[in-house]
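Readers should treat all values here as calculations from the given coordinates under stated rules, not as data from a laboratory. Not measured: the values here are computed from a predicted model. Please note: Cβ atoms are built from the backbone with ideal geometry, for glycine as well, and neighbour counts cover all protein chains shown.
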Protein chains: 2
Amino acid sequence: MSPGRRSALAAAPRRQAPVFAALGDETRLSLVGKLCGESPQSISRLTEGSDVTRQAISKHLRVLEGAGIVRGQRRGRETLFRLEPRALDQARRYLDQVSAEWGRALAGLKAYLEE
Amino acid sequence: MSPGRRSALAAAPRRQAPVFAALGDETRLSLVGKLCGESPQSISRLTEGSDVTRQAISKHLRVLEGAGIVRGQRRGRETLFRLEPRALDQARRYLDQVSAEWGRALAGLKAYLEE
DNA sequence: GCCACGGGCAACGAATTGGTTGCATGTAAC
DNA sequence: GTTACATGCAACCAATTCGTTGCCCGTGGC
């Protein structure tokens, strides 16, 4: 068996889990939503309308940045955050892989049952 | 504006965050990987090869079940768990939406800059 | 009937997380 | 230069999470 496909899913957890973990918070997911609409936004801007403190938002942004989902850049006296689509793309691709693998397994089972 | 698209992303966090949170753990993501290969497996079976206790695995499975990612069914003296593809599909769709929205925003910005 | 296997339940502990407040600092604006 | 704004940093707190151990119970095999 080639070192592809099969081990791909087995090796993925270590890389993908942190990304999913970062997305696994309501506040952070909202931030992603906001940032995907209007791309570079400052922390105070992102705090508007939220029910938590600016510091909380700041921490959340650092978490997202740590997972590679977002990137912050200081500009003057404010830090602008923008989406980093690569990480989200990889997460999406992982889910695609699971779907595909699951589909294959199901097809295999079906074939086995019908034989 | 129709009540679709735009509010879709805004309303999503509450529904999607728990799913991502459930996936945001290395052990649980491994379980998903195992279950997507061979579909119905018992808890002890899923514990094999893991470096944590059966109870830990059991708890993780409950978390996944709570998020709708997995479904367990008692069969004799063992509980068989199988993947529930719907939740993962929705997560995937969410990421697709973010991608699309982000792409549109980027296109809009580009158009604005070039005009 | 007896024993081994597969799990559930509960209590507990250590570590992490999500949030706060208070204060310090650099930058923009006037 | 003074003032207001945007942020960083640190300490701290409550709640949750991940994992353990110990014990009990139902089921299956012999």
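Here are a few things to note about the model shown:
- With the label put 7 angstrom out from Cα along the Cα-to-Cβ vector, B:E65 ends up 4.1 nm from the copy partners, going from closest to farthest.
- Ascending list, in nanometres, of distances separating the B:E84 label from those of the other copies (7 Å, Cα toward Cβ): 3.3
- Computed over the range A:28-79, relative contact order equals 35 percent, with contacts defined as Cα pairs under 8 Å that lie 6+ residues apart.
- Extension gain, A:T27 to A:R104, is 24.1 nm, computed as 0.36 nm per intervening residue step minus the present C-alpha separation.
- Intensity falloff of the protein assembly as shown expressed as log10 I(q)/I(0), Debye formula with alpha-carbon point scatterers, at q = 0.08, 0.11 Å⁻¹: -0.35, -0.62
- Across chain A the C-alpha pair distances fall into 10 Å bins from zero in the proportions 12, 36, 23, 15, 9, 4, 1 percent.
- Helical runs assigned H by DSSP (4 residues or longer) give chain B a calculated mean residue ellipticity at 222 nm of -22500 deg cm²/dmol, each run adding -39500 (n - 2.57) before division by the residue total.
- Computed from phi, the 3J(HN,Hα) profile of the range A:67-72 under the Karplus parametrisation 6.51, -1.76, 1.60 (θ = phi - 60°) reads 8, x, 7, 9, 9, x Hz, with x in place of Gly and Pro.
- Ascending list, in nanometres, of distances separating the B:A10 label from those of the other copies (7 Å, Cα toward Cβ): 4.7
- Separation of the B:R75 and A:R77 label points, Cα + 7 Å toward Cβ, nm: 6.6
- The gain in end-to-end length when the B:R93 to B:S50 segment is fully stretched comes to 12.4 nm, 0.36 nm per residue minus the alpha carbon separation.
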